[in-house]
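Please read the structure below before turning to the comments.
No value in this document is a laboratory result; all are computed from the given coordinates. Computed from a predicted model, the values in this text were never measured in an experiment. A quick note on method: Cβ atoms are made from the backbone with ideal geometry, for glycine too, and the neighbour counts reach across all protein chains shown.
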Amino acid sequence: MDIIMPQLGETVVEGTVALWHKKPGDTVAADESLFEVETEKVTMEIASPVAGIVREILVPAGTTVKVGTRLAVVETAAAAAPKSPAAEPAKATPPVAAASAAIPAAATAPLARDASAKLSPVVRRLMGESGLRPEQIQGTGRDGRITREDVLAAMASGGGTATAAPAPGRSAAGIAPAPAPVAGPDDRVVPLNKVRRATAAHMVRSVATSPHTLQAIEVDFHKVEQARRARGAGWKEQNGFALTYLPFVCAAVCEAIAEFPYVNSSFDNDELIVHRRVHLGIAVDLAFEGLLAPVLRDANRRDLRALAVQIAALVARARAGSLSADELKGGTYTISNSGSFGTLITAPIINQPQAAILSIDGVHKKPVVIEGPDGDAIVVRPIGILAQSFDHRAFDGAYSAAFLRRLKRELEERDWLAELN
């Protein structure tokens with residue numbers, strides 16, 4: 001059985017084989033750790049999908065390859081069973097097998113091609129978006145190959161080994177480039193780690209890809225706060241964590257999406273893929289070092305209690321670095337929560353290829369006018385702002401505004417207390 005490079009995240013297109021736990025000739029059990037993969041966001045142990053004998057390791061440790069690349073061959077017990085001589089005539093080595101067998105040797109042999117000829121597709125794309133050229137970047141990969149991390153580092157620093165020139169066909173319009181910053185004696189230079197570099201590159205690509213439009217709406221969280229106050233102490237004692245606003249917003253988002261399904265979509269060239277299942281990406285801060293957006297699958301099929309428990313578990317695994325590969329891909333709509341920091345309004349950047357993202361900002365007590373049977377009254381209520389950035393190619397402002405209005409009504413009118421009984 002072929003062992004391939006898995007996709008450890010929706011936007012991850014390559015990974016590095018960090019370590020092999022087995023060598024050719026070793027036996028491996030199903031679900032036993034076979035190797036470790038390192039991407040710009042996570043390092044994860046990958047288990048063997050079958051039991052058998054490791055016959056070949058095609059990609060040595062330390063090599064970065066694309067998702068889907070053959071890494072090794074594990075011969076299962078059924079495949080290794082002896083066959084009768086009549087059923088197994090001698091054959092010449094098939095071309096594919098011969099090519100596969102040559103991979104380990106080729107990976108260690110020096111390459112005669114120059115740096116520009118060894119660019120992977122992802123590196124070429126990043127360089128095209130940034131306007132960088134191969135001669136401006138010092139490659140750190142095997143035989144001087146320019147890796148994705150090299151390009152991200154050059155982008156983050158404002159250029160490569162030389163000041164980045166405009167890409168072919170672009171004009172600087174006579175504007176002199178900004179001078180490069182110089183670290184002074186009182187400054188501290190902090191190299192960007194892989195997560196931060198990957199986050200930066202993903203955000204740049206998203207802004208360049210989608211025409212972002214922001215809309216925001218004020219929400220009265222009075223009924224949500226009533227439910228939290230009435231059940232919060234018992235909830236924390238029973239579950240070990242506080243009942244925040246996040247699961248309430250997630251539940252309301254799922255209800256609103258049922259009426260406005262285009263919000264839960266992905267843009268693919270000239271087509272909009274509208275997803276029937278709601279897989280919520282939950283943006284998680286990693287101690288200010290970067291972001292992950294693990295995915296809560298089928299959120300629209302879960303009640304408020306299940307959402308709260310599963311979101312807390314997902315966030316905990318993200319911060320502990322123990323997410324599975326499936327938990328990092330397949331999101332259809334993302335929610336970012338900066339409310340704990342007391343922010344007023346945030347314009348979030350869309351998590352590609354999704355069509356929209358919602359920001360939950362701080363909830364503050366404010367005087368508001370309430371209409372009643374006896375006239376208007378001024379009361380103090382917990383008010384927060386929900387802000388949605390959406391891809392204007394996917395739908396228009398009226399559709400987004402109608403979705404936000406539906407979301408507001410769900411949060412303000414739903415009997416949340418009854419759902420926690």
Item to check | Ordering of 238-244, 374-380 by packing [mean C-beta count within 10 Å, highest first] | outcome: 238-244, 374-380
Item to check | Inverse of mean 1/r across different Cα pairs in segment 211-419, Kirkwood, Å | outcome: 17.7
